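Below is one structure, written out as structure tokens; comments come after it.
The values are calculated or read from the model by the stated rules, or taken from the named source; none is laboratory data. If you're wondering where the values come from, they're calculated on a predicted model, not measured in any experiment. Glycine also receives a Cβ, built like all others from the backbone with ideal geometry; neighbour counts cover every protein chain displayed.
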Amino acid sequence: MTIVVTGSAGHLGEALMRTLRARGEPALGLDIKPSTFTDVVGSITDRTLVRHCLRGARSILHTATLHKPHVATHTKEDFVTTNVTGTLVLLEEALAAKLDSFVFTSTTSAFGAALTPAPGAPAAWITEEVSPIPKNIYGVTKLAAENLCELLHRSHGLPVVVLRTSRFFPEPDDDAAIRNGFETPNAQANEMLYRRVDIEDVVSAHLLAVGHARAIGFRTYIISSKTPFTREQMGVLRRDAPQVVRSLFPDFEAVYASRGWKMFREIDRVYVDTRAVNELGWKPKYDFAHVLACLREERDFRSELAIAVGSKGYHARSFADGPYPVLPHR
């Protein structure tokens with residue numbers, strides 16, 4: 001039976017489709033944009049189309065979404081339509097089709113303001129128990145979609161797994177200060193310590209979730225590369241991140257210096273993957289130790305899958321202020 005992948009023209013959707021096709025598993029890609037990995041072009045809000053796609057399906061991997069970089073270019077109604085209504089249509093049709101599992105790709109951005117401690121406070125230790133405080137329409141709609149997932153499970157028994165993924169996109173940072181202060185590979189190498197994950201590991205988490213969903217029922221997991229930090233280090237990490245990293249990886253500065261790289265002065269949050277590791281059997285392969293090993297050998301620290309998917313961007317046009325628009329929020 002088929003696995004339906006929504007958002008098949010996007011970063012994660014393509015990565016999932018590539019992996020499923022390589023394994024010889026039946027998969028159908030659905031997206032509003034045509035692509036090599038899109039079998040059906042259309043909207044997830046089109047109930048008739050969704051119903052057609054789910055015939056003979058056993059699971060949905062729902063990655064389609066409007067992202068944070070779209071906040072300045074799309075209306076709040078656009079976000080509600082795609083991220084909330086589209087998810088509801090998929091959930092209801094999955095229930096009607098009696099699918100075995102529904103895996104929803106959410107985001108650590110849903111935590112919102114909970115990710116930023118007060119000045120002088122330790123870095124935030126982010127587990128699934130942290131209460132989200134959405135700070136933009138992206139976070140609001142992703143959290144609303146998560147709540148719909150739980151509602152459909154509680155009211156109708158649909159097996160749903162929510163995966164809050166950290167950053168895996170290869171594009172430059174949406175923060176101009178980071179873009180201007182760090183080379184993109186440098187910034188993304190730093191992030192592997194606490195807020196980034198390789199797309200190959202994201203794919204493996206999704207496929208594990210498909211297999212475990214019926215036994216789980218409903219559950220939310222953080223998907224981020226394994227951090228080397230402990231909760232006891234959060235205070236120093238906020239004040240002097242290089243000191244903590246140096247204590248764990250004594251040669252990191254020499255490895256970085258050979259490329260002219262530097263570590264962030266402070267780290268304000270750490271994502272914790274313990275639940276996914278323990279309950280899904282997730283075994284992420286890419287972490288900061290891997291990054292350093294690749295740098296020593298002058299190899300790209302990204303997975304082959306990440307390199308193959310490459311950069312897609314989020315907009316069909318460029319902007320005067322760089323890769324992301326700086327426009328009034330609507």
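One residue is enough: does segment 168-182 have a residue meeting the conditions under 30 Å from Arg214 (Cα atoms), modelled with pLDDT of 95 or more and buried (at least 17 other Cβ atoms within 10 Å of the Cβ)?
Yes, segment 168-182 contains at least one residue that is under 30 Å from Arg214 (Cα atoms), modelled with pLDDT of 95 or more and buried (at least 17 other Cβ atoms within 10 Å of the Cβ).
Report, ordered by the first and then the second residue, all pairs with beta carbons closer than 8 Å, sequence separation of six or more or different chains, a first member in segment 65-94 that is under 24 Å from Leu49 (Cα atoms), and a second member that is of a type in the set (Phe, Trp, Tyr) and not in a helix (DSSP H, G or I).
His67/Tyr314; Thr87/Phe104; Leu90/Phe102; Leu91/Phe102; Ala94/Phe102
Take segment 93-112 and flag every residue that is charged (D, E, K, R) and closer than 16 Å to Val162 by Cα.
Asp100
Being within 15 Å of His11 (Cβ to Cβ) and either of a type outside the set (Phe, Trp, Tyr) or part of a strand (DSSP E or B) (or both): is that true of His206 here?
When the stated conditions are applied, His206 passes them.
Being more than 18 Å from Phe102 (Cα to Cα), in a loop (DSSP other than H, G, I, E, B) and free of Cβ contacts under 8 Å to residues at least 24 places away in the same chain is the filter here; which residues of segment 2-31 pass it?
Passing the criteria: only Gly24.
For Gly217, work out the one condition from (1) in contact (Cβ under 8 Å) with a residue 24 or more places away in the chain; (2) farther than 24 Å from Thr2 by Cα it doesn't fulfil.
(2)
Does Ala257 satisfy being of a type in the set (A, V, I, L, M, F, W, C) and within 30 Å of Thr65 (Cα to Cα)?
Against the criterion (of a type in the set (A, V, I, L, M, F, W, C) and within 30 Å of Thr65 (Cα to Cα)), Ala257 does not qualify.
Can you pull out the residues in segment 34-66 that are under 21 Å from the mean Cα position of the chain (by Cα), modelled with pLDDT of 95 or more and not polar (S, T, N, Q)?
Phe37, Ile44, Ile60, Leu61, His62, Ala64
What is the residue count in segment 118-139 for residues that are at pLDDT 95 or above and under 22 Å from the mean Cα position of the chain (by Cα)?
Qualifying residue count for the region: 11.
Could you tell me whether Thr73 is over 25 Å from Met234 (Cα atoms), at pLDDT below 95 and touching a Leu at 6+ places or on another chain (Cβ under 9 Å)?
So Thr73 fits the description; yes.
Given the residues Thr65, Thr48, which is the only one that is of a type outside the set (A, V, I, L, M, F, W, C), within 17 Å of Thr85 (Cβ to Cβ) and part of a helix (DSSP H, G or I)?
Thr48
Condition first: touching a helix residue (DSSP H, G or I) at 6+ places or on another chain (Cβ under 6 Å) and of a type in the set (Asp, Glu). Now tell me which residues in segment 199-256 satisfy that.
Scanning segment 199-256 gives a single hit, Glu200.
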